[in-house]
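Enquirer: First the structure, which I've put down as structure tokens, then a few questions once you've had a look.
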Amino acid sequence: MYINKDNQQRYTVGVLVDNEPGVLSRVSGLFFRRGFNIDSLAVGTTHDPEVSRITIVIKGDEQKVEQLVQQLYKLICVQKVQVMQSRNSVERQLLLVKVKADVTAREGLMRLVDIFKAKVLDVTKNSMVLQITGDNDKIDALMGLLEDYGILELVRTGVVALERGDDVMTSDIFD
Amino acid sequence: MKRMRLNGAAILIECLIEQEVGTVFGFPGGAVLPIYDELYKRADRINHVLTAHEQHAGHAADGYARASGKTGVCLATSGPGATNLLTPIATAYMDSSPVVFITGNVPQSLMGTDSFQEADISGMTMPVTKHNYLVTSVDRLADTIREAFYIARSGRPGPVLVDIPKDVQLAETEYIPLSGEALIPRLSKKKPLSQLRPEGESLEMYKTKAEPRLEMAAQLIAEAHRPLIYCGGGVTISGAQDELMQLADRADAPIVATLMGLGTAPASSDRMLGMLGMHGTHAANIAMQRCDLLIAVGVRFSDRALGDAKAFAPNAKVLHIDIDRAEINKNVSTALHITGDAKTVLELLLTRVSQKQHAQWMQQARSMMEDYLNDELFEPRKILKAMAAVAPEMTVATDVGQHQMWTAQHFPFLHTRQLITSGGLGTMGFGLGAAMGAAKSDPQGRPVALVTGDGSFRMNLTELSTIAYYGIPVIVVIFNNGTLGMVRQWQTLFFGHRYSQTTLDRGPDFMKLADAYGLTGTRVDNLADFRAAFARAYEAGRPCIIECLLDIDEMVAPMVAPGSPIDSFCLN
């Protein structure tokens, strides 16, 4: 968690939901209705094919996030909700970026690829497609540097996160 | 166990019969033809009331649920039939009323093609339903209906919508009738839903977990000098009114109620200070600001009750008991909360609370109760007292506006489910449908009063044909002041007497209207005539209209301006 300019904290929320049509719409609709802006959202099925996991990054104050967690629990499709702390969780996202890369730029870009442990997925005379995984800060840093070369197209998956250690999500009403 | 091969429409009706649904309110159409066909074949086992408009069928199912505590059922066709249900669904949602709404939809082969009378009603109702379903296979239909009923009435109740495409209604599958316990869906223990109203083993677990909080709550009550109980609709839903009164006696505390909580503590009780909030009594609002412990049961701290949230109950520790964890710390920070069913929590709490004496505080709280002059002026509070004198136990429905607040303030409600009113959403046009539903839910068929205004009534008077046709005993009492009174009141107070679009100098003649529908109409302009007309109507037990001619400038008082501390009255 960090404090951003508006003095609001950044929260990563993991939500286990029934893997059913319309679930994403129910969850994202709730965020909209309760006045939360979603910074990033990632969704996929889990090892249990009947359960999907949604990871949402939002900004807000503590009371509002608690309210949001309780509202999420009211959705019938929601099984578990967990607000993750950066100190005890790992988070990653994946970025694909198409960047201008003529012959003069290629060398410099390859150095960045090295430093950031990125991968080159495609090269042409004028451009390169790079892949990088990491936390938000790392991805933002690379994007900043790539701007000097000229970003042509960019896509990121959104953050996915898991808690470290053996802890599991609980859905206790006495929380 | 007998198995049957039935189509989806027949399975739906059988599932409604399984749930012991007596009356369905609805309106037919293209996408529910198979359902109406199966209903026709089972007319001896299930009742259907045809309204003039889907909206009022929805409010009727809601009124049925509110008056009886059973789950209401409403049926409508796709497209416009379904969208006409949005207002009743939202109304039921805001007031936690258990209603199952069933809509037909176009066949799945046409879905998503903007076909005739197609509307994405499950998408549209997501924000205003507790849950909703689009049934894509007839094999899932019976279990979906059972789940819908379970969800609608479990935990904090609310509306559930089931959208059934026409091809699912026509497809056949095997149906096995169920009853009793078997109707409760087998939900995973992991589901938060299954924790909402714990039973059996999980109830024992709940008790153990709640213990430390119950001890702390008992401690707070033991230490309090000026305790006050603030009760709401959750007490009615839980059926916790007796436990609530026991707690009030034990803690020697006065009681204030929200609009939805009127009747949980009888108005005849010395402890009851009346409704709190924007149009609350002086006694209730001032007690709120003076108490040192606020025991809030089944309430959600609505802005209409609170006024300025920051200045609300400034000297009090707040103990909040509610089944919905999301209501805790939402609008007001609490010293302690107990999440759970009000009846269960109060029962457990009562075993830990010893008898307290706060005679001085009780007297202080009571001293603010208003006493009105006993004159014969023809004004709203006298009319309501006259109604109560004829039928103190009668169910009273309202629409929304001045007449609603007058009813809340001046009809002395004696028991839960006696007042049927749209609290959260404030739906004008709710009343006639709701009154009809409430009357249909009463096995004894006693008359129900609808107190309405001329503005609200014009939004639903189309249903006069329904109460006339079925002979549903609704006594419509119209407070006709020739204006949208509540809006006019705000225009008077906050908008420099500029009566923009609120004067209703345009009829209709309600007596001719009554005549057109074959109902008895009586117009009165004095208290004696009203008393006679109302007593006659109650005795007759037939639908009728009593029109009361009132002054256009009559206002609802007391009043606290929105967002002000609730003890700073702008009207007395």
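Enquirer: Pick from segment A:75-93 the residues that are crowded, with 16+ Cβ neighbours inside 10 Å and of a type in the set (A, V, I, L, M, F, W, C): which of them is nearest to the other protein chains (Cβ to nearest Cβ)?
Expert: A:Ile76
Enquirer: Any residue at all in segment B:35-43 that is modelled with pLDDT of 95 or more, touching an Asp or Glu at 6+ places or on another chain (Cβ under 6 Å) and farther than 21 Å from B:Ser78 by Cβ?
Expert: Looking for residues that are modelled with pLDDT of 95 or more, touching an Asp or Glu at 6+ places or on another chain (Cβ under 6 Å) and farther than 21 Å from B:Ser78 by Cβ, one finds none in segment B:35-43, hence no.
Quick grid of which residues meet (1) assigned by TED's automatic domain parsing to the domain that holds B:Pro254; (2) over 22 Å from B:Ala251 (Cα atoms); (3) more than 26 Å from the chain's Cα centre (by Cα); (4) at pLDDT 95 or above:
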residue	(1), (2), (3), (4)
B:Cys291	yes, no, yes, yes
B:Gly298	yes, no, no, yes
B:Leu306	yes, yes, no, no
B:Ala311	yes, yes, yes, no
B:Pro314	yes, no, yes, no
B:Leu319	yes, no, no, yes
B:Leu346	yes, no, no, yes
B:Val353	yes, no, yes, yes
B:Gln357	yes, no, yes, yes
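Enquirer: Can you run down the residue pairs with Cβ atoms below 6 Å, 6 or more apart or on separate chains, where the first is in segment B:507-526 and farther than 20 Å from B:Met459 by Cα and the partner is assigned to a helix (DSSP H, G or I) and among the small types (Gly, Ala, Ser)?
Expert: Between residues of segment B:507-526 that are farther than 20 Å from B:Met459 by Cα and residues that are assigned to a helix (DSSP H, G or I) and among the small types (Gly, Ala, Ser), the close pairs are B:Thr522/B:Ala533; B:Val524/B:Ala533.
Enquirer: Hey, could you check segment B:142-186 for residues that are of a type in the set (Ser, Thr, Tyr) and out of contact with any Pro (no Cβ under 8 Å at 6 or more places or on another chain) and say which is nearest to the other protein chains (Cβ to nearest Cβ)?
Expert: So the residue we want is B:Ser154.
Enquirer: Still on this structure, please answer the following. Would you mention how many residues in segment B:375-405 are of a type in the set (Gly, Ala, Ser) and in contact with a strand residue (DSSP E or B) (Cβ under 6 Å, 6 or more places away or on another chain)?
Expert: 2
Enquirer: Further, regarding this structure: Answer yes if at least one residue in segment A:156-166 is within 14 Å of chain B (Cβ to nearest Cβ), within 24 Å of the chain's Cα centre (by Cα), surrounded by fewer than 16 Cβ atoms within 10 Å (Cβ to Cβ) and under 30 Å from A:Leu72 (Cα atoms), and no otherwise.
Expert: Checked against the condition, which is being within 14 Å of chain B (Cβ to nearest Cβ), within 24 Å of the chain's Cα centre (by Cα), surrounded by fewer than 16 Cβ atoms within 10 Å (Cβ to Cβ) and under 30 Å from A:Leu72 (Cα atoms), segment A:156-166 yields no hits at all.
Enquirer: Quickly run through segment B:272-287 and pick out the residues that are out of contact with any Lys or Arg (no Cβ under 9 Å at 6 or more places or on another chain) and in contact (Cβ under 8 Å) with a residue 60 or more places away in the chain.
Expert: Passing the criteria: B:Gly274, B:Met275, B:Leu276, B:Gly280, B:Thr281, B:His282, B:Asn285, B:Ile286.
Enquirer: Do we have B:Thr129 as in contact with an Asp or Glu (Cβ under 9 Å, 6 or more places away or on another chain), under 22 Å from A:Gln70 (Cα atoms), within 12 Å of another protein chain (Cβ to nearest Cβ) and of a type outside the set (Asp, Glu) here?
Expert: Judged against the criteria, B:Thr129 is not a match.
Enquirer: Next question, about the same structure. Mind checking which residues of segment A:29-45 are out of contact with any strand residue (DSSP E or B) (no Cβ under 7 Å at 6 or more places or on another chain) and in a helix (DSSP H, G or I)?
Expert: Those that are out of contact with any strand residue (DSSP E or B) (no Cβ under 7 Å at 6 or more places or on another chain) and in a helix (DSSP H, G or I): A:Gly29, A:Leu30, A:Phe32, A:Arg33.
Enquirer: May I ask you to list pairs of residues, at least six apart or on different chains, whose Cβ atoms are under 9 Å apart, with the first in segment A:56-74 being within 12 Å of chain B (Cβ to nearest Cβ) and over 15 Å from A:Gln85 (Cα atoms) and the second being assigned to a strand (DSSP E or B) and among the aromatic types (Phe, Trp, Tyr)?
Expert: A:Leu68/A:Tyr11
The values are calculated or read from the model by the stated rules, or taken from the named source; none is laboratory data. Everything numeric here is computed off the predicted structure, so don't read it as measured data. FYI the Cβ positions are ideal-geometry reconstructions off the backbone, even for glycines, and counts take in every protein chain you see.
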